[in-house]
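The values are calculated or read from the model by the stated rules, or taken from the named source; none is laboratory data. Please read these numbers as outputs of a predicted model, since none were measured by experiment. Cβ sites come from the backbone with ideal geometry, for glycine too, and all protein chains shown count toward neighbours.
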Amino acid sequence: MTTERGRRAEGVGREEEALRERLAGLEQQVVELGNACVVMERVHGALDRGAVLLAIQDVVINVIGSEELAIFEVADGGRLLRPVQSFGVEPRELAVGAGPVGRAASERRAWTILDGAPPEEEPRLTAVAPLSAGPHLTGVVAIWRMLAHKPVFGEADRAVLELLSRHGGAALHLTSPHAGRRAAA
């Protein structure tokens, strides 16, 4: 009888552990959905270019957890990235294709610390992502160090960055000074 109870207790213990793991996974999904709602609300609730830039900055600071960021716009016929918003860093104009930020623009591909060690030329870089609206590259967001209370850039942060890449890029495209001319054409 004791052996039977022991087996049952062991089975209940395994089942409890499986339920805890499932609950942790569901809690993570709830966090990710909440983050997605924040991104969508902030970015799509902005009515002008300045508000979109502030929304992207706000999401990086308050959702991803970094106070070192820069948002660049494509300039000079697609050859340059011009800083238009920053927090905690002094960005400079960059050539598209040069360095990790410029490569994110030219390759239209994000890079995060989850993909490997930071590039030698930017050892503090945590993530960089193009901001696009369909086929149109509108800019790049670059993130350096994470906040002390959130030292790790994780998969949930990558998901937020991907949302910013698409939706922030679309919002910037729609609020660009040229948007009215495109719509009239």
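State which residue is farthest from the chain's Cα centre (by Cα) when the search covers only the range 172-185 and only residues that are loosely packed, with under 15 Cβ neighbours inside 10 Å and either modelled with pLDDT of 80 or more or not small (G, A, S) (or both). That would be R181. Could you list, in sequence order, the residues of the range 140-171 that are in a loop (DSSP other than H, G, I, E, B) and either over 11 Å from the mean Cα position of the chain (by Cα) or buried (at least 24 other Cβ atoms within 10 Å of the Cβ) (or both)? Listed by number, the residues that qualify are W144, R145, M146, L147, A148, H149, K150, P151, V152. Within the range 85-139, restricting attention to residues that are among the hydroxyl-bearing types (S, T, Y) and in contact (Cβ under 8 Å) with a residue 12 or more places away in the chain, the residue that is surrounded by the fewest Cβ atoms within 10 Å (Cβ to Cβ) is S86. Can you find even one residue in the range 91-98 that is more than 15 Å from the chain's Cα centre (by Cα), over 26 Å from E41 (Cβ atoms) and of a type in the set (D, E)? Among the residues of the range 91-98, at least one is more than 15 Å from the chain's Cα centre (by Cα), over 26 Å from E41 (Cβ atoms) and of a type in the set (D, E), which makes the answer yes. A single entry from V39, V30 fulfils the requirement of being of a type in the set (A, V, I, L, M, F, W, C), in a helix (DSSP H, G or I), surrounded by fewer than 18 Cβ atoms within 10 Å (Cβ to Cβ) and at pLDDT below 90: V30. Scanning the range 67-90 for residues that are among the acidic types (D, E), assigned to a loop (DSSP other than H, G, I, E, B) and over 14 Å from the mean Cα position of the chain (by Cα) yields a total of 1.
Scan the range 1-29 and report the pairs whose first residue is within 27 Å of V160 (Cα to Cα) and whose second residue is basic (K, R) and modelled with pLDDT under 75, with Cβ atoms within less than 8 Å and a gap of 6+ or a chain change. Qualifying pairs under 8 Å: none.
Quick one: would you say G116 is under 18 Å from the mean Cα position of the chain (by Cα), over 19 Å from A171 (Cα atoms) and not hydrophobic (A, V, I, L, M, F, W, C)? Here the answer is yes, as G116 does meet what is asked.
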